[in-house]
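Asker: Following this message is one structure expressed as structure tokens.
Please treat every number below as a calculation from the coordinates, not as lab data. As the structure is a prediction and not an experimental result, all values here were calculated from the model. Positions of Cβ are backbone-derived with ideal geometry, glycine not excepted, and every protein chain shown enters the neighbour counts.
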Amino acid sequence: MPTLMLRKFEKVCAIIDKHGNDAARLIPILQEIQEEYRYLPEEVMTFVAMSLGLSPAKVFGVASFYAHFALEPKGKYVIRLCDGTACHVKSSEGILNALYKRLGLSAKVPTTKDMLFTVETVSCLGACGLAPVMVVNDKVYGQISPEKAVALVEDIVKKEDGPNV
């Protein structure tokens, strides 16, 4: 491969090498790459395919099959709001609307322009006893309300010392 391309994908190469250039390790390779980039860029998936001797369609197929993988860039803080039965019954939709309003987002535009926040709904977070539940990155917040959700966003904005989003 050309040296320029290898330099451009240096971190990806290190991840692939760590897994022994083994196509059978595609999922853990994609997981590590997503940790690095916060999503799976198309050019990176193509590079992974070439490096592992797989077709780009195979790599894209795996990445698009599993909900864990993101094909679009996500914000630094990914807010996942449960909309499973227990959370829905306890008004998770009101929380979602409050987050959308505060951040200027919608289902069609889930990430803030400054790439600080992404808001997603999920079918279940496995914490029904704490409904309604929201996760920010890996931290779980139970019995959340629209006001508490917006307050968490405000705390993050202050912590980041960024402009109001």
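Asker: What is the list of residues in the stretch 88-115 whose amide nitrogen lies under 16 Å from a point 7 angstrom out from the Cα of S123, following Cα to Cβ?
Answerer: Inside the label zone: 88.
Asker: Next question. Amide H neighbours of Y77 under 5 Å, counting only residues 5+ apart in sequence or on other chains, H built in-plane at 1.01 Å?
Answerer: F117, T118
Asker: Taking Cα pairs under 8 Å and at least six residues apart, what relative contact order does the stretch 73-145 come out at, in percent?
Answerer: 44
Asker: Between M50 and E160, what FRET efficiency comes out of the Förster formula 1/(1 + (r/R0)^6) with R0 = 35 Å and r the beta carbon distance, rounded to 0.05?
Answerer: Efficiency at R0 = 35 Å is approximately 0.40.
Asker: Can you tell me the convex hull volume per residue for the chain, based on C-alpha atoms, in Å³ to the nearest whole number?
Answerer: It is 133 Å³ per residue.
Asker: OK, next. Can you list residues from other chains, or at least 5 along the same chain, whose modelled amide H is less than 5 Å from the amide H of T121?
Answerer: L81
Asker: Something else: What is the fewest-to-most order of D83, D161, D114 by other Cβ atoms lying within 10 Å of their Cβ?
Answerer: By the 10 Å Cβ count, ascending, the order reads D161, D114, D83.
Asker: Using only Cα atoms and rounding to the nearest 10 degrees, what angle (0 to 90) does helix 42-52 make with the longest principal axis of the chain?
Answerer: The answer is roughly 40 degrees.
Asker: Among K158, K76, K108, K101, rank each residue by its count of other Cβ atoms within 10 Å, from fewest to most, as a rough exposure measure.
Answerer: Ordered by Cβ neighbours within 10 Å, fewest first: K108, K158, K101, K76.
Asker: Could I ask something else about it? Counting other beta carbons within 10 Å of each Cβ, put V119, V157 in order, fewest first.
Answerer: The fewest-first ordering by Cβ neighbours comes to V157, V119.
Asker: Which of the cysteines in the chain are isolated, no other cysteine C-beta under 4.7 Å?
Answerer: Among the cysteines of the chain, those whose Cβ sits 4.7 Å or more from every other are C13, C124, C128.
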